[in-house]
Each structure stands twice: as C-alpha cells, then as structure tokens.
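In what follows, a structure is listed as structure tokens, so that the remarks can point back to it.
The values are calculated or read from the model by the stated rules, or taken from the named source; none is laboratory data. The structure presented is a predicted model; accordingly, all values stated were derived computationally and were not measured. Cβ: placed from backbone, ideal geometry, glycine included. Neighbour counts: every protein chain shown. Ligands, DNA and RNA are excluded from the accessible area calculation, which covers all protein heavy atoms including side chains. Shrake-Rupley method; radii C 1.70, N 1.55, O 1.52, S 1.80 Å.
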Amino acid sequence: MSIPRHLAVIMDGNGRWATSRGKPRSAGHTAGVEAVRPLVTRCRELGVEAVSLYSFSTENWAREKEEVHHLMRLCVAYLASELPLFQANGIRLRRLGAREGLPAEVLDAFAEVEEATAANDAMTLCLAINYGSRAEIVAAARTLARRAVAGGLDPAAIDEAAFSAELTTAGLPDPDLLIRTAGEMRLSNFLLWQLSYAELYVTDTLWPDFDNAALAAAFASFHGRVRRFGGVPEVPTPST
C-alpha cells in the first residue's frame, strides 16, 4: 500500500470531546496530546518521512487566557516526555511558526529538543505552534524582496523552488496527505503553499479518539486516490 511521504494533520475536536463528556476543555487538550504518540509511532513504523501537526495557530491566542496557558504548559511537558521516544526512533523535531509571542519556556523546550534530535534522520516531526500560513508566506516574500533590493538576488531568479526554500518547511517534501479531524471542511491557514497538491481526508472522528485504526482508514483512502497533478492519466492501450 502506498503511504504519504509527508503527512499533515489538523488536530481538531479536543474541546468538543471534553464537552461531550462533561469535562473542561483543558481535559480535551490533555487527551489530545496523549493521542499524538500513537500517531507518531505508527507513522515512523510505516516509513513516513515527515509528519506536521497543527497544534496552535496564530488565531488561537484569542482563546481564554487560562486555556492558552494550559496549552503552553502541555507543549513544554510533551517535549520533555517525548525526547526519549524521539531518540530511540531517530525522529528529528522541527518547530513551525513565529517565535514572537511564545513564552520563553516554550522556546527553550523546543530549542533543547531540536538540538538534541538534530542528527536524527529516520523521520521529521514538525509541530506548528504560533503558526499562520499567510504570515509565513509574507515573511518569505519579504526575505526575498530584501535580498533583491540589496542586489544579492535577481528577481527573475525567484521561482517556486526559491520561494519554498524560505518557508519553515524548507528541505521537506510537500505534504501528500492532509487529515482533518472533527469534520470541519477548511484549511484554517495551515500550510497553504505546501498543501497545493495534497490529498484531503476529513473524518468526523474527534482528535482524542483518532487511533491507529483511524489512521489506517486515512492511509487506505490515500492509497486509492489517483494523483494527476493537473495532468491526465494514461489510458491503457486495448490488447489485440
């Protein structure tokens, strides 16, 4: 069965999972973090090259202050607890998103784990935190514009490859498959450039309930897709 080289996931539904059980939203976020390890482990076993998880968007700062604080604490705790797993499985960590606005303890936790796993080459795990794709695209455009104004770059040389090299996912293949949980049918400002030709898979399953069986169903759907990339598939020549 074909599997994606790069899997992107919008992990949605933590709050609804908690509310449906009469629990606070924080309990849903905690359960959502617990659902990450099985996904990462299974993707590593299957040979997926990269996994990108949308954990906190630039828009999420508008949530209640205590909920945001809980999410930041969960991030720090997750990074500390998962480092042995990353090292044992050759997983490299990469942070996607802006530094500005993130608490120092979150940045320090990422820096420590990114440095410790820098030489790992079996799989890359990207955690998108304080991430917004439009802001990422604007930042890349500004970088290229400054270089051109300074005379170090011919504007005519700016192509898709040059632009991709300025994104936070530089060096990784573009996602082949995007999974969105909780039934929402939108991209929510996630990897807009990188997802241009990704296959989309939306499931009503809430993120804390997304297990290996749900991942297998998503990969089975991906396996059945015909990826044309704007072209027309070849029609077999009838035998005579």
Q) When only residues in the stretch 124-156 that are surrounded by 11 or more Cβ atoms within 10 Å (Cβ to Cβ) and in a loop (DSSP other than H, G, I, E, B) count, which is farthest from the chain's Cα centre (by Cα)? A) Leu153
Q) When residues of the stretch 59-74 are filtered for being within 21 Å of Thr168 (Cβ to Cβ) and surrounded by fewer than 20 Cβ atoms within 10 Å (Cβ to Cβ), how many remain? A) 4
(Q) Let me spell it out: the conditions are (1) open to solvent by less than 70 Å² (accessible area, probe 1.4 Å); (2) among the β-branched types (Val, Ile, Thr); (3) touching a Lys or Arg at 6+ places or on another chain (Cβ under 8 Å), and Thr19 meets all of them except one. Which number is the exception? (A) (1)
Q | Residues that are assigned to a loop (DSSP other than H, G, I, E, B), touching a residue at least 40 places away in the same chain (Cβ under 8 Å) and open to solvent by less than 70 Å² (accessible area, probe 1.4 Å), drawn from the stretch 189-211 | A | Asn189, Phe190, Leu191, Leu192, Gln194, Leu195, Ala198, Thr205, Leu206, Phe210
Q. Taking the stretch 75-106, which residues are open to solvent by less than 30 Å² (accessible area, probe 1.4 Å), among the hydrophobic types (A, V, I, L, M, F, W, C), within 23 Å of Thr58 (Cα to Cα) and in a helix (DSSP H, G or I)?
A. Cys75, Leu79, Val106
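Within the stretch 33-73, which residues are among the basic types (Lys, Arg) and either touching a residue at least 60 places away in the same chain (Cβ under 8 Å) or assigned to a helix (DSSP H, G or I) (or both)? Walk me through it before giving the result.
Filtering the stretch 33-73 for residues among the basic types (Lys, Arg) gives 37, 42, 44, 63, 65, 73.
Within the stretch 33-73, Arg37, Arg42, Arg44, Lys65, Arg73 meet the criteria.
So which of Ser57, Ser20, Ser2 is within 14 Å of the chain's Cα centre (by Cα) and under 24 Å from Val202 (Cβ atoms)?
Ser57
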